[in-house]
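Heads up: the structure comes next, in structure tokens.
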Amino acid sequence: MEFINIIDYIGTFAFAISGIRLAAAKNFDWFGAYVVGFVTAVGGGTLRDVMLDLTPFWMEQPSYIVITGLALVFVLIFRKYVVRLDNTFFIFDAVGIALFTVVGVEKSIVAGFPMWVNVIMGTITGAAGGMFRDIFINEVPLIFRKEIYAMACLAGGIVYYLCLWAGLHTIATQVVSAASVILIRVLSVHFRISLPSLKSIDPADRSGTPD
């Protein structure tokens, strides 16, 4: 098994847990939690493959369905720790977006697309699954909030190419790229670094507007 496949499976497991964990916190039943976990795990990759005119990856092998099932079992067994502890969602989500960013870049490279497309596909693969997850559980998606989320994926894709240009081995490039996404995500949350909000203008503050 290639290292990128291992990354893909670990990312699937971590991202599925992040979705199932939030579904459990909202008292979804087992099937509903599984659906949220599965969509979280395959949503970004599915959107990527459709945009690259490829057959969605999970339709070609059942392993992703099985891995999501294992994630559900994991949450059921360790529910006391996974659901009740606030930082568990952040950990699994950060790992998921990091690994999927690498998978997205790599798959786009194999498909023969240029660098800028590959970076965007890595960002979509990493961030879109979480967007679908949040929509399913009726939350404002993290990607649309001030938090550094999709931007961390974008930075990870750029780091991937910087490593390639520096002559790093493929596995080292993948590891460094994923680690950069996690590091950026952790530091942005720890130091409360965020993008500025786009706020509407209060009519009372407008100048030069006729009465």
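No value in this document is a laboratory result; all are computed from the given coordinates. Because the structure is predicted, anything quoted here is derived from the model rather than measured. Here the Cβ is made from the backbone with ideal geometry for all residues, glycine too, and neighbour counts use every protein chain on show.
Assorted remarks:
- A convex hull fitted around the alpha carbon atoms of the chain yields 173 Å³ per residue.
- Within the chain, longest stretch free of exposed trypsin sites (Lys or Arg not before Pro) [DSSP loop, at most 14 other beta carbons within 10 Å]: 85-144
- Mean residue ellipticity (222 nm) of the chain, computed from DSSP H runs ≥ 4 via -39,500 (n - 2.57), nearest 500: -23500 deg cm²/dmol
- Nitroxide proxy distance, nm - points 7 Å out along Cα→Cβ at VAL110 and THR170: 0.9 nm
- For region 30-39, putting each phi into the Karplus relation 6.51 cos²θ - 1.76 cosθ + 1.60 with θ = phi - 60° gives couplings of 4, 5, x, 5, 5, 4, 4, x, 5, 5 Hz, in residue order, rounded to whole numbers and with x for Gly and Pro.
- Our estimate of slack between PHE74 and ASN27, defined as 0.36 nm per intervening residue step minus the Cα-Cα distance, is 15.3 nm.
- Computed from phi, the 3J(HN,Hα) profile of region 40-54 under the Karplus parametrisation 6.51, -1.76, 1.60 (θ = phi - 60°) reads 4, 6, 10, x, x, x, 5, 4, 4, 5, 4, 5, 8, 6, 10 Hz, with x in place of Gly and Pro.
- A straight chain from ILE91 to SER197 at 0.36 nm per residue would run longer than the Cα-Cα distance by 35.6 nm.
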